[in-house]
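Chemist: This is the structure, below, for whatever I ask next.
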Amino acid sequence: MRPDLLKMKEVALIYLDRSGGLQKFVDDCKRYNDSKQSYAVYRFIISINPSDIAELDAALGNQILHKPMKAAQIFQSVCFIAIKTLSLIEQLQTEAQINIVLKPTHLPPLPSYVLSLCEFPLDYISQRFYMSEGIVIAMGTVTKYTQGARFLCSEETCPFSEGFNYIRVHIPGATESATVRNDFVCSLCASPLREDMKFRVLGDKQLVEMIDAKALSAFQGYSNNKPHFRIQSFTVFLRDELSNKMKIGNRYRFIGIPACIQNCSQFTVCIEVNSMQLCSPEGTSCISENFKYLLSLTSSSCWRFTAMLATIFASQVVPPGTYNTLKLSILLSLVQTCDRDRETADYLDLLIVTSDTLIADRLLNYSVCLVARGIRHPASNDIFPTVSKDKHGTGTASIQACSALLAKGGICFIGDLLSHKKDKLELLQSVLESRTTTVFIPGKKYGEDVDQQVILPIQTSFWTFVDEDLSSKKYVQMDNTLIGKLPLIQKKHLVPSPSSSEHKIMKRVSLSKAHTKLSLRKKVLEEDVLIAVLLFESSLTLKHGASVFCVAPNAVFPFDLIDENTLQQRDVYLMQCYQQLLQFIATYSPGTHVTTNEE
């Protein structure tokens, strides 16, 4: 044996012992041995820290990073010797039966180890580890592949007509035909090899389509006048323990080996994922010095900071101080675009009913670009996931993400509500109520025995607008109230804006928390609740007329804010509303004791 190869085997054994990998390997062997079943292939996963390996032996570290197949053979030899020396698996006969999967914990943070489809040239023939990341836009169903197989010589007199001399194992990037086919021949007598089917080992396989996170910018600020564009996706393979570990719409960072796979006359660059992790939410949580300064200037009131933000927000689109209630509602929806993986996540969906759709479109189009997952949905596409056949020719079903899942944790701006057909609006209504959508996969169409239903969570807020005049013409069946104009907004709430175009905004329940976040506070105060109540009561006033707790149509911004005096007047007005709310609670909520400042 070559001295350098012997040294690398010794280092591999030392590393396994020091890292705890040897004990895990022994435990895995015990499970195989206890089963008393003979396998063609025994699969072992070994976690590798390239930095620790390189410190022990640079040559082995280089093999792992740049020639992982050869590195796996080194660990295969070490593991086989350990099994035979310690009698760990009685059924094991040959070294070829051991399938070693090396999983590096990380790669060096250098550009040569990063694979990005946005950059050229692409190195997809080196068969080494790369780091990459992307957003899942489509996901196929889990199917089976041949993990390993046993072949025997068809010539009965040949020594290789029995035993485990011909073992074929899947390697990253290989197709099914590379592992199992009928044209293999015996290296000893040149007779055809035949597969011993009872020893075939199957594993799970899943195809996932991803796009580079930078590609999402193409969906922001989309308009019908924008030239057509094409997003280039790439395919990743998830096998065995990684199957079903990714979710549509999530962003993942992963380590894998690229490969070029031929399908008919086309070649496709794919990546076989070795390990992966969910990326942290996009965006930053730091607060600029200007905002801190503004917060300090308005610290005397719990309402002034958010009022100032609403006044100056989107000054590139509309003059400062105009459409304040609308802009405040947009800000409240924007601050809720985080922590969307929680089951108790809050959402603020906006519907603007206005006679000035151009302003509404510009404001929402501007605002949706402020979040990493802000998607402007093209009206010609589907809002929610659809099913199609896998483009790689497998015939299996593939679930396409569409706009709602691409906007996961962010905003899905669907544009003019009247540009969507009735069936889409009915589906949107259902999703808004349940925050889930169901994808039906007919088994017969996609080569499965049974039909499937996949329930997907919709973790995004929806924005839309509608022309007030056109909506009354398009939807004939309606009552005298605004809420009856659109089937979409039944059971929803509208908030007015203090402009002549009389903007109204659809919202959900979480206004108090949103105002707290926008105020850069963590604890919800009664002042936050007041803003939520005023917005809510304004919507009810538009729907049913004035309530017992009567509020003005422009309750949150009763007059223009132009200086310190007008801010002070607004504080006085809101404090009066606060006292009226306390009195209202004391009057109409039996058994409730309200403590006022005077008491």
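The values are calculated or read from the model by the stated rules, or taken from the named source; none is laboratory data. Since this is a predicted model, take the numbers as computed values, not measurements. Counting neighbours? That spans all protein chains shown, and the Cβs are built from the backbone with ideal geometry, glycine included. Only protein heavy atoms, including side chains, enter the accessible area calculation; ligands, DNA and RNA are left aside. Shrake-Rupley method; radii C 1.70, N 1.55, O 1.52, S 1.80 Å.
Chemist: So Lys444 ticks every box in (1) touching a residue at least 12 places away in the same chain (Cβ under 8 Å); (2) over 20 Å from the mean Cα position of the chain (by Cα) but one. Which box is left unticked?
Modeler: For Lys444, the exception is condition (1).
Chemist: I'd like to check which helices (runs of 4 or more DSSP H) are fully inside the stretch 249-343 and have at least 1 residues that are at pLDDT 85 or above, buried (at least 16 other Cβ atoms within 10 Å of the Cβ) and among the polar types (S, T, N, Q). Give the steps one after another, and end with the answer.
Modeler: On the way: elements: 289-297, 304-312, 324-334.
In the stretch 249-343, the matching helices (runs of 4 or more DSSP H) lie at 304-312, 324-334.
Chemist: A further question on this structure: Report, by residue number, each residue of the stretch 86-105 that is under 11 Å from Tyr39 (Cα atoms) and part of a strand (DSSP E or B).
Modeler: Ile98
Chemist: Might you let me know whether the stretch 432-455 holds any residue that is closer than 25 Å to Tyr347 by Cα, among the small types (Gly, Ala, Ser) and open to solvent by 10 Å² or more (accessible area, probe 1.4 Å)?
Modeler: In the first step, residues of the stretch 432-455 are kept if they are closer than 25 Å to Tyr347 by Cα; the result is 432-439, 454-455.
With among the small types (Gly, Ala, Ser) added as a condition, the list becomes 434.
Add one more test, that the residue is open to solvent by 10 Å² or more (accessible area, probe 1.4 Å), and what stays is 434.
Yes; the residues of the stretch 432-455 include at least one that is closer than 25 Å to Tyr347 by Cα, among the small types (Gly, Ala, Ser) and open to solvent by 10 Å² or more (accessible area, probe 1.4 Å).
Chemist: Yes or no: the stretch 365-374 includes at least one residue that is without any contact (Cβ under 8 Å) to a residue 24 or more places away in the chain and open to solvent by 50 Å² or more (accessible area, probe 1.4 Å).
Modeler: no
Chemist: Scan the stretch 554-599 residue by residue and report those that are at pLDDT below 85, of a type outside the set (A, V, I, L, M, F, W, C) and either assigned to a helix (DSSP H, G or I) or buried (at least 16 other Cβ atoms within 10 Å of the Cβ) (or both).
Modeler: Answer for the stretch 554-599, where residues must be at pLDDT below 85, of a type outside the set (A, V, I, L, M, F, W, C) and either assigned to a helix (DSSP H, G or I) or buried (at least 16 other Cβ atoms within 10 Å of the Cβ) (or both): Asn554, Thr587, Tyr588.
Chemist: For the subset of the stretch 42-76 comprising residues that are in contact (Cβ under 8 Å) with a residue 40 or more places away in the chain and within 10 Å of Ile100 (Cα to Cα), which member is surrounded by the fewest Cβ atoms within 10 Å (Cβ to Cβ)?
Modeler: Met69
Chemist: Does Asp390 satisfy the condition of being open to solvent by less than 40 Å² (accessible area, probe 1.4 Å) and under 30 Å from Gly443 (Cα atoms)? Before the answer, list the steps.
Modeler: Values: open to solvent by less than 40 Å² (accessible area, probe 1.4 Å): yes; under 30 Å from Gly443 (Cα atoms): yes.
Yes: the conditions hold for Asp390.
Chemist: I would also like to ask the following. Going residue by residue through the stretch 120-140, is there one that turns out to be farther than 26 Å from Arg251 by Cα, among the polar types (S, T, N, Q) and open to solvent by less than 40 Å² (accessible area, probe 1.4 Å)? Outline the logic, then answer.
Modeler: Kept after step one, since they are farther than 26 Å from Arg251 by Cα, are these residues of the stretch 120-140: none.
Scanning the stretch 120-140, I find no residue that is farther than 26 Å from Arg251 by Cα, among the polar types (S, T, N, Q) and open to solvent by less than 40 Å² (accessible area, probe 1.4 Å), so the answer is no.
Chemist: Here is a follow-up. Which numbered condition trips up Ser367, out of (1) modelled with pLDDT under 85; (2) in contact with a Leu (Cβ under 7 Å, 6 or more places away or on another chain); (3) more than 30 Å from Thr175 (Cβ to Cβ)?
Modeler: Just one mismatch for Ser367, condition (1).
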